[in-house]
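Read through the structure below, which is laid out as structure tokens, and then see the notes.
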Amino acid sequence: RARRIDDAFQLLESVEKGTAAGKPKLSTQLIYGLLDALIEAGQCYKSTEAFSHSGGAGDLRRANGLLARFGFLLREGGSSSILTYNLLMKGYINTGCPQAAINLHEEIQLLGLEPDRLTYNTLIFACVKAENLEAAMRFLKEMKDKAQRLCCSDLYPDVITYTTLLKGFGHAKDLHSVQKIVLEMKSCHDLFIDRTAFTAMVDAMLNCGSIKGALCIFGEILKQAGANVDLRPKPHLYLSMMRAFADRGDYNMVKNLHERLWPDSAGTISLAAQQEADHLLMESALNNGQIDAAVENLTKIINRWKCISWTSRGGMVALRIEVLLGFNKSMLSPYLLPQVLPGNPIERIMLPLETVRPLSGSLELKKVVMRLYREPVVPIIDDWGSCIGLLHREDCCEMNAPLSTMMRSPPPCVTTTTSIGHVVDLVLKKKYKMVIVVKHSNLNGTTHGSRAVGVFTAEQLHNLVAPVPEGLKQKHCS
């Protein structure tokens, strides 16, 4: 769990040699435990964008190496167990190679292994990831035929099987197949449709553009939730419904969903979800032509949230309202950047790194303290010249300590080709006092430790900004 995979291998080897504390014996549980950890590590590394450096496929290679070294323990009748293949398929999917997982099915058949429900569910999930829905349906049919032939209830499709298929056909916008799967799920008397499955039904319907179908299932969820609180919809489902009705300009429906979001949904409603719900209410009013209601909701959003990102869906709605109001009646107090074009690369206006005189992280604060009196933030570099952090004036608390111990790291970074508009949005939204600019070729999936070539500061932005001239206000107003 700590991703100390080398230590885990050493422990396993000490068990094999008999030198481990307590003299435990080598067992299949230990092998499967490490195998599963390697596969999960690959997914974790990928999700943290370090996939290409130290995780992902490398961990899957180590997983195959583990099987080659200790696979003798996992043999059943001279071949690996189906659990081994289930884990390997999971690993291929996690590392972005779903087709490789599907190809293992042939090897399973050649070895004479009997796939279990998890095998079929994993194969179907791999098919969905590979966007091969015909193969997914073939595995579903094979699964059902084998369960019926062997009279094995543990082989019949479960709620996970159907939910995976719903996501696949919903993404493909195949409404007929989605409706067919929903009908089959409801026809299975032994299948309990849980909240996740109901949510998948609604999401698939919405993806296919069937608002009426989604609304029918949503109503069914609310009806059943009266007797079973575990079926109460999560906030995500309310937001999905609100997005669909906001697009159509159904202000009354969005307003009803907005009102019921708090008392009727299950789980915590994040601040982001609350903010999006308010934005969707404003959007539905504008799409319905109720300008006064849209303005009223924008006023509430400004008072409640204090800011709104101009690149968000809600921000685009706010800009539409601003256009309708004109500069003279603006609610967002717009400012212009007359000297720049937001689409231009930040490289055009950044300050070269040498002009802001970065400081070495090994220096003690007492040697450069006057610098922090004059400047609110200073970039910090290591011995190789890479920017490793930013030192803010308010963080300077120890005169005899090295600057690296008080800096904030990693520093916010963008590439030289990033648009000026995006960098300005970062400064405004994240309240950054300085953004580091690095060469695009140095990025390699992470900005940590990349060699900086320039900076953009909040002070620069302040100097670029100009209020809307009165003449322009009057011109737009007229």
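The values are calculated or read from the model by the stated rules, or taken from the named source; none is laboratory data. Just so it is clear, the structure is predicted and the values come from calculations on it, not from any experiment. Every residue, glycine among them, receives a Cβ derived from its backbone with ideal geometry; neighbour counts consider all protein chains shown. Accessible surface areas use protein heavy atoms only, side chains included; no ligands, DNA or RNA. Shrake-Rupley method; radii C 1.70, N 1.55, O 1.52, S 1.80 Å.
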Legend entry - Residues being assigned to a loop (DSSP other than H, G, I, E, B), on the phi < 0 side of the Ramachandran plot and in contact (Cβ under 8 Å) with a residue 12 or more places away in the chain - total across the stretch 201-260: 6
Inset, instruction - Return a yes/no flag: does the stretch 21-28 have any residue that is among the basic types (Lys, Arg), modelled with pLDDT of 80 or more and open to solvent by 60 Å² or more (accessible area, probe 1.4 Å). - result: yes
Inset, instruction - Output the number of the condition that residue 346 fails; it satisfies all remaining conditions of (1) in contact with a His (Cβ under 9 Å, 6 or more places away or on another chain); (2) open to solvent by 80 Å² or more (accessible area, probe 1.4 Å); (3) over 30 Å from residue 205 (Cβ atoms). - result: (2)
Legend entry - helices (runs of 4 or more DSSP H) (entirely within the stretch 77-185) containing at least 2 residues that are of a type in the set (S, T, N, Q) and surrounded by fewer than 17 Cβ atoms within 10 Å (Cβ to Cβ): 98-110
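For residues that are in contact with a Cys (Cβ under 9 Å, 6 or more places away or on another chain) and not in a loop (DSSP other than H, G, I, E, B), scanning just the stretch 415-443, find the one that is modelled with the lowest pLDDT.
Among residues in the stretch 415-443 that are in contact with a Cys (Cβ under 9 Å, 6 or more places away or on another chain) and not in a loop (DSSP other than H, G, I, E, B), the one modelled with the lowest pLDDT is 429.
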Legend entry - Checking residue 347 against (1) assigned to a helix (DSSP H, G or I); (2) free of Cβ contacts under 8 Å to residues at least 12 places away in the same chain, the condition it does not meet: (2)
Inset, instruction - Determine whether the stretch 235-256 contains at least one residue that is under 28 Å from the mean Cα position of the chain (by Cα), over 30 Å from residue 296 (Cβ atoms) and of a type in the set (S, T, N, Q). - result: no
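For the stretch 316-333, which residues satisfy the criterion of being small (Gly, Ala, Ser) and either assigned to a helix (DSSP H, G or I) or surrounded by 18 or more Cβ atoms within 10 Å (Cβ to Cβ) (or both)?
Hit for the stretch 316-333 is 318, nothing else.
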Legend entry - Identity of the residue in the stretch 239-262, open to solvent by 50 Å² or more (accessible area, probe 1.4 Å) and hydrophobic (A, V, I, L, M, F, W, C), that ends up modelled with the lowest pLDDT: 262
Inset, instruction - Find the residue count for the stretch 383-411, including only residues that are open to solvent by 30 Å² or more (accessible area, probe 1.4 Å), modelled with pLDDT of 90 or more and part of a loop (DSSP other than H, G, I, E, B). - result: 6
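Got a sec? Which of 357, 304, 313 is closer than 23 Å to residue 464 by Cα and surrounded by fewer than 18 Cβ atoms within 10 Å (Cβ to Cβ)?
Working: 304 fails: closer than 23 Å to residue 464 by Cα; 313 fails: closer than 23 Å to residue 464 by Cα.
Every option except 357 fails the conditions.
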Legend entry - Test result for residue 369, among the hydrophobic types (A, V, I, L, M, F, W, C), more than 30 Å from residue 283 (Cβ to Cβ) and at pLDDT 95 or above: no
Inset, instruction - Might you let me know whether the stretch 264-272 holds any residue that is within 30 Å of residue 306 (Cβ to Cβ), within 21 Å of the chain's Cα centre (by Cα), assigned to a helix (DSSP H, G or I) and without any contact (Cβ under 8 Å) to a residue 24 or more places away in the chain? - result: yes
Legend entry - Residue count, the stretch 224-238 (criterion: closer than 18 Å to residue 213 by Cβ and either open to solvent by less than 60 Å² (accessible area, probe 1.4 Å) or of a type in the set (Val, Ile, Thr) (or both)): 3
